[in-house]
1. Do any helices (runs of 4 or more DSSP H) entirely within the stretch 188-299 hold 3 or more residues that are more than 20 Å from the chain's Cα centre (by Cα), and if so, which?
2. Taking ALA100 as the residue in question, decide whether it is touching a residue at least 40 places away in the same chain (Cβ under 8 Å), open to solvent by 40 Å² or more (accessible area, probe 1.4 Å), under 15 Å from GLU145 (Cα atoms) and assigned to a helix (DSSP H, G or I).
3. Among the listed residues VAL106, VAL53, VAL119, VAL49, identify the single one that is modelled with pLDDT of 95 or more, of a type in the set (Val, Ile, Thr) and open to solvent by less than 30 Å² (accessible area, probe 1.4 Å).
4. Tell me which residues, restricted to the stretch 211-224, are open to solvent by 50 Å² or more (accessible area, probe 1.4 Å) and either modelled with pLDDT of 95 or more or touching a Phe, Trp or Tyr at 6+ places or on another chain (Cβ under 9 Å) (or both).
5. For the stretch 262-278, which residues satisfy the criterion of being among the charged types (D, E, K, R) and closer than 12 Å to ILE289 by Cα?
6. Given (1) open to solvent by less than 40 Å² (accessible area, probe 1.4 Å); (2) part of a helix (DSSP H, G or I); (3) polar (S, T, N, Q), where does SER86 come up short, assuming only one miss?
7. Can you name the residue in the stretch 122-150 that is more than 25 Å from GLU171 (Cα to Cα) and of a type in the set (Val, Ile, Thr) and is also surrounded by the most Cβ atoms within 10 Å (Cβ to Cβ) among such residues?
8. Only one of (1) under 15 Å from ALA194 (Cβ atoms); (2) under 16 Å from the mean Cα position of the chain (by Cα); (3) not aliphatic (A, V, I, L, M) is not met by PRO142, so which one is it?
Amino acid sequence: MAGAEEQIEIPTEVTEGGEPLMPRREKKPHEKGITFREFDHVKDFEDLVKTIVQLCDGEEQERLREMEDWIVKNEGAWVLPEGFNSFLGSVFHKPDWPSAGRIAMVRLLSYGAEQDDIVYILNMDRKDHTVMNYAQKIDRLPITEQESLAMFFCNLFETGSASQWLLYTSEWDAPGGGLPLSNMRVTTKVAVTALLGDTPTLVNYGSALMANLATKEFFDDVCSELAMAILQFYQGKPPEEQVFRCMKALGKFCAVASRDVPQLVKMIGPEPSKFSGMSPRVDELIEPIMARLATVPMF
């Protein structure tokens, strides 16, 4: 795999006036996030074929053959044609296609995220937003699909270019109406839904995704929503590893949104000191947050 300095770059998104619509440029080398690499990718591909091949037309069956070259034969994502995202649209959005096919496809994307060329697939989807429109529905999907999506978003932090794609702020119209969507808003929804999810696996992915976000530079408009999810999560009794991951994220959100997030922590609670003494590494993260909270005026 190419080093950080060799990573493939996605072209910068711009407004109509030519202004960039992407997160602040990284000021430090990419820090690999928490990822999950336990795959049987050959079985996942076989599962995909088994569940959807009878539903595919001739062109879609050709996409399956090209996916075999990519995933099983390890020939790289470059073997996929420009129209591959149309095939993704069928898998993710056709209501009569099975959930098992969506799970297998997302797992294959998660497996492929280890390589820099995953951005080739992400870049193809910049117009139709097939992946993000599917991810936006995470709270309405079966739990197993939620878990697959959350793992995929975690694994996109394997490389700098893919993780930056998650944070783009350019907007598009949401299918069916509603507030406009952006990659950053969808990523936020995935992180929140996973952290407050209904299974230990989903929560584990959610805490990892929060920690991964803490390694990046982004705008402050989503920090309050992310922080509120962490505070709700902290109402329970999470294990040390997940407390540590989320405390790292909470510290970052307090720094980015230096007024709003500390006020939220003060008003909603619990204060991070609830977890003092849990472990030395958690205590180390709590100290600067508590120092920042001490400067927040009481209402």
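The values are calculated or read from the model by the stated rules, or taken from the named source; none is laboratory data. Keep in mind the model is a prediction, meaning the values are calculated, not measured. Don't worry about glycine lacking a Cβ; one is built from the backbone with ideal geometry, like all the others, and counts go over all protein chains shown. Side chains are part of the model used for accessible areas, which takes the heavy atoms of the whole protein and leaves out ligands, DNA and RNA. Shrake-Rupley method; radii C 1.70, N 1.55, O 1.52, S 1.80 Å.
1. Working: elements: 200-213, 223-233, 240-256, 260-268, 280-293.
Where helices (runs of 4 or more DSSP H) fall fully within the stretch 188-299 and carry at least 3 residues being more than 20 Å from the chain's Cα centre (by Cα), they are 240-256, 260-268, 280-293.
2. Considered against the rule, which asks whether it is touching a residue at least 40 places away in the same chain (Cβ under 8 Å), open to solvent by 40 Å² or more (accessible area, probe 1.4 Å), under 15 Å from GLU145 (Cα atoms) and assigned to a helix (DSSP H, G or I), ALA100 comes out as yes.
3. Answer to the check: VAL106.
4. ASP220
5. LYS266, GLU271
6. Condition not satisfied by SER86: (1).
7. For the stretch 122-150, the residue satisfying everything is THR144.
8. PRO142 satisfies all of (1) under 15 Å from ALA194 (Cβ atoms); (2) under 16 Å from the mean Cα position of the chain (by Cα); (3) not aliphatic (A, V, I, L, M) except (2).
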